[in-house]
Amino acid sequence: MNRSESPAQTLPDPARPEAMRRALADAPAPDCAHGFPRAWWRHLGASGLLGVGFDRDGEPSVADAPQVSALAGIVARESASLGLGMAWMMQQMLGRFVLAPNLRSDRHRALLASMTRGDALLALAISEPGAGAHPKHLSCRAVQYGSDWILDGHKAFVSNGPAADAIIVLAVSGEHEGRKRFDAFVVEANTPGLARELDDKVRGLAPLGHCGLRLVGCRVPDSQRLGEPGQAFDTIARPLRAIEDALLLGAMLGAMQAELDALARWFRNAARTPALTRDLGGLQLELDALSPVARHAAQHLDQHGPDEALAAFNLGARRLFDRWQGACESFAAALDDHEPALLTLARDLRLVLGIARGIAESRQLQAGEKMLRPKETHENTLPTPL
């Protein structure tokens with residue numbers, strides 16, 4: 001085995017899910033109520049399961065997107081925590097799609113290696129208060145002074161921001177023909193001028209956590225800039241929504257299966273009727289039918305990238321997941337009692353299902369209006385599959 005390879009990197013693809021289950025079973029219990037569970041995280045790192053979605057040397061990852069999605073689901077199910085499943089998925093996503101393809105220095109390579117071991121957590125800051133992630137409204141700025149950049153501005157809704165050891169910050173770095181140019185910078189958490197601000201608007205998804213950032217005269221060297229100059233919005237921010245939505249389906253499936261696991265545990269020791277048992281089985285069959293939906297989204301991501309077809313597919317999948325979650329919650333509400341974990345899982349799933357709801361509704365309206373337009377005789381009226 002090459003000295004740079006982890007045990008999980010040498011495993012064949014079919015063996016990796018079982019390796020993840022064993023690692024989770026042997027890990028110290030994650031105390032998600034008191035910050036990020038570093039000991040639990042480093043255990044996964046020592047098991048070689050934190051760097052399977054990317055390679056610290058910038059080479060192709062050992063796990064493809066469908067397996068990253070599936071492994072995120074295993075983390076969410078076995079830990080009964082959507083927050084932990086998302087935390088694992090997001091580190092793979094940031095390593096694979098943001099840091100590795102755009103690295104420019106040995107510090108970036110060292111950060112990837114630290115992420116693989118579980119010694120470093122990475123976060124991404126794009127959105128801003130009152131502006132969301134729309135490029136016309138973003139105002140955080142980066143001004144170059146010699147070999148350094150000075151960052152000033154305010155960021156919001158930074159996932160995993162409270163625990164992050166480094167944060168990739170998107171900032172306006174110039175203007176060309178009336179359009180803003182953006183660069184992304186790796187800002188280490190202890191950099192002077194960077195302050196984290198408590199964000200109590202997002203409650204749930206522990207231990208992922210969210211925070212705002214205040215950058216005042218925050219100086220970072222040019223070696224911490226990622227990718228081609230001025231291209232960060234198009235290469236990082238714009239495609240990330242579809243990438244995250246596609247990979248997130250696996251973590252959500254795992255959390256939904258954890259809900260059914262909790263219901264089944266309760267049912268084993270409670271009075272039940274054939275009708276209730278049948279309804280529980282129906283939920284399981286429907287969830288099994290959603291599994292290929294998540295796999296298809298990840299496969300499309302690998303084969304075609306985060307294109308418009310994937311973005312539309314993700315929205316359709318989200319609607320299916322939303323309906324299943326509503327049915328599961330209705331079923332659980334009819335019971336006299338159930339496990340407390342169900343409440344946390346349901347809350348976190350609802351929180352994730354509500355992300356970017358305005359964008360989803362806008363896309364649904366566009367799809368409906370397109371259907372209602374008069375059809376030309378040469379126009380294909382059938383939907384185009386992924």
Q) Which one of Ala311, Ala294, Ala258 is in a helix (DSSP H, G or I), in contact with a Lys or Arg (Cβ under 6 Å, 6 or more places away or on another chain) and either in the same structural domain as Phe331 (by TED's automatic domain parsing) or free of Cβ contacts under 8 Å to residues at least 12 places away in the same chain (or both)? A) Ala258
Q) Among Leu335, Leu301, which is the only one that is on the phi < 0 side of the Ramachandran plot, surrounded by 14 or more Cβ atoms within 10 Å (Cβ to Cβ) and part of a helix (DSSP H, G or I)? A) Leu301
Q: Tell me, yes or no, whether the range 240-248 has at least one residue that is surrounded by 23 or more Cβ atoms within 10 Å (Cβ to Cβ), under 27 Å from Ala195 (Cβ atoms) and touching a residue at least 40 places away in the same chain (Cβ under 8 Å).
A: no
(Q) I'd like the full set of residues that are of a type in the set (Ser, Thr, Tyr) and crowded, with 23+ Cβ neighbours inside 10 Å, limited to the range 84-142. (A) Thr116
Q.
When the residues of the range 333-386 are narrowed to those that are modelled with pLDDT of 80 or more and among the basic types (Lys, Arg), which ends up farthest from the chain's Cα centre (by Cα)?
A. Arg373
Q: Report, by residue number, each residue of the range 11-30 that is of a type in the set (D, E, K, R) and touching a residue at least 40 places away in the same chain (Cβ under 8 Å).
A: Asp13, Arg16, Arg21
Q) From the residues in the range 160-195 that are free of Cβ contacts under 8 Å to residues at least 24 places away in the same chain and not charged (D, E, K, R), which one is nearest to Arg109 (Cα to Cα)? A) Asn190
Q) Hey, among Ser47, Ser105, which residue is farther than 20 Å from Ile236 by Cα and more than 17 Å from the chain's Cα centre (by Cα)? A) Ser47
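This table checks each residue for (1) free of Cβ contacts under 8 Å to residues at least 60 places away in the same chain; (2) not aliphatic (A, V, I, L, M).
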{"position": "Gly250", "(1), (2)": "no, yes"}
{"position": "Ala270", "(1), (2)": "no, no"}
{"position": "Leu290", "(1), (2)": "yes, no"}
{"position": "Ala298", "(1), (2)": "no, no"}
{"position": "Arg318", "(1), (2)": "no, yes"}
{"position": "Ala334", "(1), (2)": "yes, no"}
{"position": "Leu342", "(1), (2)": "no, no"}
{"position": "Arg347", "(1), (2)": "no, yes"}
{"position": "Gly358", "(1), (2)": "yes, yes"}
Q: Output the residues belonging to the range 160-213 that are exposed (fewer than 15 other Cβ atoms within 10 Å of the Cβ), at pLDDT 95 or above and within 18 Å of Glu128 (Cα to Cα).
A: Ala195
Q. Can you name the helices (runs of 4 or more DSSP H) wholly within the range 48-145 that have at least 1 residues being closer than 30 Å to Arg214 by Cβ?
A. 82-93, 106-117
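The values are calculated or read from the model by the stated rules, or taken from the named source; none is laboratory data. Keep in mind the model is a prediction, meaning the values are calculated, not measured. No Cβ is skipped: glycine too gets one built from the backbone with ideal geometry, and neighbour counts run over all protein chains shown.
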